[in-house]
Amino acid sequence: MDAAPRIELMNWLTGQGLTGSPESELIRGFCERCLALGIELSRGQVFLDTLHPLFEGRGFRWSDRPTNESEMFEYGSTATGEAAEAWRRSVFFHMLEEGYDEMRLDLFDPTIAERFNMIQTLRDNGHRHGAVFVHRFGEQGSMGNMDCVYSHWTTRREAGFDEDQMAALRELVPLLGLALKAVAQMEIARTLGRVYLGRDAAEQVLRGRISRGVTERIKAVLWFSDLRNSTGIGEAIGPDEIIPFLNDYAEASIDAIHEAGGDVLKLIGDGLLAMFTADDMGQAKRNALRAEHQFRKNIAALNAKRRAAERPVTTAYVGLHEGEVFYGNIGSDERLDFTVVGPAVNEVSRIASMCSSVDRPLLTSSAFQTGLDSVGRKYLVSTGRYALRGIGRAQDLYTLDPEIDSDEIMRGGYERYLAH
């Protein structure tokens, strides 16, 4: 096999890794170029574990003939259940256990189908031989469970891959793995950023805004929520129930906020700080009210589910406020937090804490209410004037009109307004 085309493919892989091409495009381009080189691939499958809160890893497939298989798939934990059994019957598990980096498989060897899963399916689809690789990253190159790249290549040739083809795969597959690793690590950075910092904050950090003290002054609608009687519930339930309890209600609020276009900035015990921004602050306020309305729906559905399982339930208080904040990096050189600070942040937390005193699930500041349009203002009524703890001036606080809450909301008028 000529060296020049092989070097050209190596250069292509390097370039794709540097530019961050999507993994499916990498696999497809790699396999098509291998065919052009004379490597008679009929199917390729590559996967690697990752760091993600919902799934354990991602895999990618290519076939020389149309199939109903997706090019990309995600898989959950292989530690328990049927997934664990399938993993233990895989050729990759066998290779890790035995310390092999490479195996060649005659798919029509009857002992192979007995030992490993998927072999019969491959045979039924006309594949005859396989080459399997495990390329380990090493301790310094690993990231959590992402410690190697697994790949399985098949051919329809009756004699299997010849030595030239195997030599080419040994040279090329590690470069493919390196390109995939580069793309996967960038995706991990984005995922972890979104999960731990929030969506907008993660984008800001990944764009390079990581210097201490780099902030911008912005106008935002602020949300602060906390759970009713979470301390008492926490003392009454078992320690192993506390985290699932907090997770359930955090999910109810975070889903509502994200659905309405808000950004969650911080989880503080059972409390949550979020913000809504828009060129039109009136729209940002409607978005915040829409998130609060959806939050109540989410809580109602969650509580019905938890009651059915005889688990404790609660509701939540929400405070909404509009004000100027500093948004950016605050902290030390060793530990930075990308968040919002300023008097408005203190005010919104104090407003939320007043909910229990006036026995209303939602309170907004006068600044929030004043900035609504005339239709929006009619849905809010004053609960009185209050001096907030630690805040120098007293102000009116507003809540949803109880009459509207029980009448017009049920007819859909409030929801139509929120959707505007």
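The values are calculated or read from the model by the stated rules, or taken from the named source; none is laboratory data. Given the structure is predicted, the values throughout are model-derived calculations rather than measurements. Surface areas here come from the heavy atoms of the whole protein model, side chains and all, with no ligands, DNA or RNA. Shrake-Rupley method; radii C 1.70, N 1.55, O 1.52, S 1.80 Å.
In the elastic network of the chain, a GNM with C-alpha springs shorter than 10 Å, the most mobile of D396, D248, D240 is D240.
Suppose we take every Cα in segment 44-141 and form the convex hull; what volume per residue is that in Å³? Before the final figure, lay out the partial values.
Working: hull volume 12.4 nm³, N = 98.
Here the figure is 126 Å³ per residue.
What is the antiparallel percent of DSSP beta bridges lying wholly in the chain, to the nearest 5? Don't skip to the end; give the middle numbers.
On the way: 68 of 71 bridges.
Close to 95 percent.
At the listed q of 0.10, 0.13 Å⁻¹, the Debye profile of the chain, built from one uniform point per Cα, gives log10 I(q)/I(0) equal to -0.84, -1.07.
Which whole-number value in Å³ per residue fits the convex hull of the alpha carbons of segment 171-265? Mind dumping the intermediate values first?
Working: hull volume 17.7 nm³, N = 95.
Measuring per residue, one finds 186 Å³ for the Cα hull of segment 171-265.
Restricting attention to the chain, lysine pairs at least eight places apart or on different chains and with alpha-carbon atoms under 19 angstrom apart total 5.
Mean shadow of segment 212-321, computed from the convex hull of its alpha carbons, in nm²? Don't skip to the answer; put the middle values down first.
Values: hull surface 32.0 nm².
Convex hull of Cα atoms, orientation-averaged projection: 8.0 nm².
Which percent of the accessible area of the chain is formed by carbon and sulfur heavy atoms (probe 1.4 angstrom)? Roughly 49 percent, rounded to a whole number.
What area, in nm² and to one decimal, does the C-alpha convex hull of segment 263-420 cast on average over all directions? Intermediate results must be reported in sequence, preceding the final value.
Numbers: hull surface 45.4 nm².
With every direction weighted equally, the projected area is 11.3 nm².
With springs only between Cα atoms under 10 Å, which of A291, A387, A220 fluctuates most in a Gaussian network model of the chain? Ranking A291, A387, A220 by mean-square fluctuation puts A387 first.
What residue among T155, T399, T80 has the largest mean-square fluctuation in a Gaussian network model of the chain, using Cα springs under 10 Å? Between T155, T399, T80, it is T80 that shows the largest mean-square fluctuation.
Shape index of segment 327-401: Rg/Rh, with Rg the Cα radius of gyration and Rh the Kirkwood radius from the inverse mean 1/r over Cα pairs, equals 1.09. Taking H as built 1.01 Å from N, whose amide H comes closer than 5 Å to the amide H of G323, not counting residues under 5 places away? Counting only residues 5 or more places away or on other chains, the set is A220, L222.
Of the residues Y100, Y249, the one with the largest accessible area comes first in the ranking Y100, Y249, computed with a 1.4 Å probe on protein heavy atoms. Residue-wise HN-Hα couplings along segment 121-134, as the Karplus relation 6.51 cos²θ - 1.76 cosθ + 1.60 with θ = phi - 60° gives them from phi, are 4, 5, 4, 4, 9, x, 7, 10, 9, x, 10, 10, 10, 10 Hz; Gly and Pro carry x. The string of couplings for segment 21-26 from the Karplus curve (6.51, -1.76, 1.60, θ = phi - 60°) is 4, x, 4, 4, 5, 4 Hz, one whole number per residue in order, with x for Gly and Pro.
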